[in-house]
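These notes are about the structure you will find just below.
The values are calculated or read from the model by the stated rules, or taken from the named source; none is laboratory data. Here the structure is a predicted model, which means the values were calculated and not measured. Note that each Cβ is placed from the backbone with ideal geometry, even for glycine, and that neighbours are counted across all protein chains shown.
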């Protein structure tokens, strides 16, 4: 009886003892806190990458539209792209796909046609001349350029986002290709004569 009483008393003390509960609760909550912390950090980086890519595409189109030489060389275009790439730092821009198109709009028998006049690309395939707006991923002619003889630059940029952490989970959500950002930014040409991309010719008559 005495032994049984001692056992029951000790069990009662164990039941009422709350020491260590906080540590157990913290052990349950800690993984969630860690995941939340790193997820917030990665989300912030993702939003920043998205914003920087937009700024990069705008700068690329702007610089291309005010080239010192209306017929820039391949080296000149690479310099323009390199200068604009500074905006993306510290992001990795090695996988950046860049296409700069000199666009034109012509009126043929009263109908406006718009498309690519000449194109330059880096880590990508340049667009063929006379590829029409609204086809093959090209946006429709912006309203501000819907007039005969309009000339403008269309900068196209594609970047695959690479996460710092959680790459396995990231691939599970977005697939092996990952999350890809794409920007298409039209910009006015600011030169006295039409800009012609390297290896290209002046705008044709679209028909």
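Restricting the search to the stretch 87-97, which residues are within 20 Å of residue 126 (Cα to Cα) and either part of a strand (DSSP E or B) or out of contact with any helix residue (DSSP H, G or I) (no Cβ under 9 Å at 6 or more places or on another chain) (or both)? Step through it out loud before you land on a result.
Filtering the stretch 87-97 for residues within 20 Å of residue 126 (Cα to Cα) gives 93-97.
Of everything in the stretch 87-97, those that are within 20 Å of residue 126 (Cα to Cα) and either part of a strand (DSSP E or B) or out of contact with any helix residue (DSSP H, G or I) (no Cβ under 9 Å at 6 or more places or on another chain) (or both) turn out to be 94, 95, 97.
Run residue 95 past the list (1) free of Cβ contacts under 8 Å to residues at least 40 places away in the same chain; (2) touching a strand residue (DSSP E or B) at 6+ places or on another chain (Cβ under 7 Å); (3) surrounded by fewer than 14 Cβ atoms within 10 Å (Cβ to Cβ) and report the number of the one that doesn't hold.
Of (1) free of Cβ contacts under 8 Å to residues at least 40 places away in the same chain; (2) touching a strand residue (DSSP E or B) at 6+ places or on another chain (Cβ under 7 Å); (3) surrounded by fewer than 14 Cβ atoms within 10 Å (Cβ to Cβ), only one is false for residue 95: (1).
Name the pairs: first residue in the stretch 20-42 and closer than 26 Å to residue 162 by Cα, second residue modelled with pLDDT of 70 or more and not in a helix (DSSP H, G or I), Cβ to Cβ under 6 Å, at least 6 apart or on different chains?
Final answer for the pair search is 42/163.
Any residue in the stretch 31-46 that is outside any helix (DSSP H, G or I) and under 30 Å from residue 156 (Cα atoms)? Spell out the reasoning first.
Within the stretch 31-46, the first condition is being outside any helix (DSSP H, G or I), and the residues that meet it are none.
Checking the stretch 31-46: not a single residue is outside any helix (DSSP H, G or I) and under 30 Å from residue 156 (Cα atoms).
Would you be able to say whether some residue in the stretch 129-139 is surrounded by 15 or more Cβ atoms within 10 Å (Cβ to Cβ) and part of a strand (DSSP E or B)?
No: zero hits.
Looking at 204, 163, 142, 198, can you tell me which residue is at negative phi, at pLDDT 95 or above and either in contact with a strand residue (DSSP E or B) (Cβ under 9 Å, 6 or more places away or on another chain) or crowded, with 19+ Cβ neighbours inside 10 Å (or both)? It would help to see each step written out before you state the result.
Details: 204 fails: at pLDDT 95 or above; 163 fails: at pLDDT 95 or above; 198 fails: at pLDDT 95 or above.
Exactly one of 204, 163, 142, 198 is at negative phi, at pLDDT 95 or above and either in contact with a strand residue (DSSP E or B) (Cβ under 9 Å, 6 or more places away or on another chain) or crowded, with 19+ Cβ neighbours inside 10 Å (or both), namely 142.
Can you tell me which residue within the stretch 105-124, out of those that are in a loop (DSSP other than H, G, I, E, B) and out of contact with any strand residue (DSSP E or B) (no Cβ under 8 Å at 6 or more places or on another chain), is nearest to residue 144 (Cα to Cα)?
Of the stretch 105-124, the ones in a loop (DSSP other than H, G, I, E, B) are 109-110, 123-124.
Filter again for out of contact with any strand residue (DSSP E or B) (no Cβ under 8 Å at 6 or more places or on another chain), leaving 109-110.
Numbers: 109: 21, 110: 18 Å.
The qualifying residue nearest to residue 144 (Cα to Cα) is 110.
Can you tell me which residue among 84, 102 is crowded, with 23+ Cβ neighbours inside 10 Å, at pLDDT 90 or above and not in a loop (DSSP other than H, G, I, E, B)?
On the way: 84 fails: at pLDDT 90 or above.
Of the residues listed, the single one that is crowded, with 23+ Cβ neighbours inside 10 Å, at pLDDT 90 or above and not in a loop (DSSP other than H, G, I, E, B) is 102.
Among the residues of the stretch 54-76, write down those that are assigned to a helix (DSSP H, G or I) and in contact with a helix residue (DSSP H, G or I) (Cβ under 7 Å, 6 or more places away or on another chain). Before the answer, list the steps.
If we filter the stretch 54-76 for residues that are assigned to a helix (DSSP H, G or I), which is where we start, we get 54-64, 74-76.
Of everything in the stretch 54-76, those that are assigned to a helix (DSSP H, G or I) and in contact with a helix residue (DSSP H, G or I) (Cβ under 7 Å, 6 or more places away or on another chain) turn out to be 55, 56, 59, 60, 63, 64.
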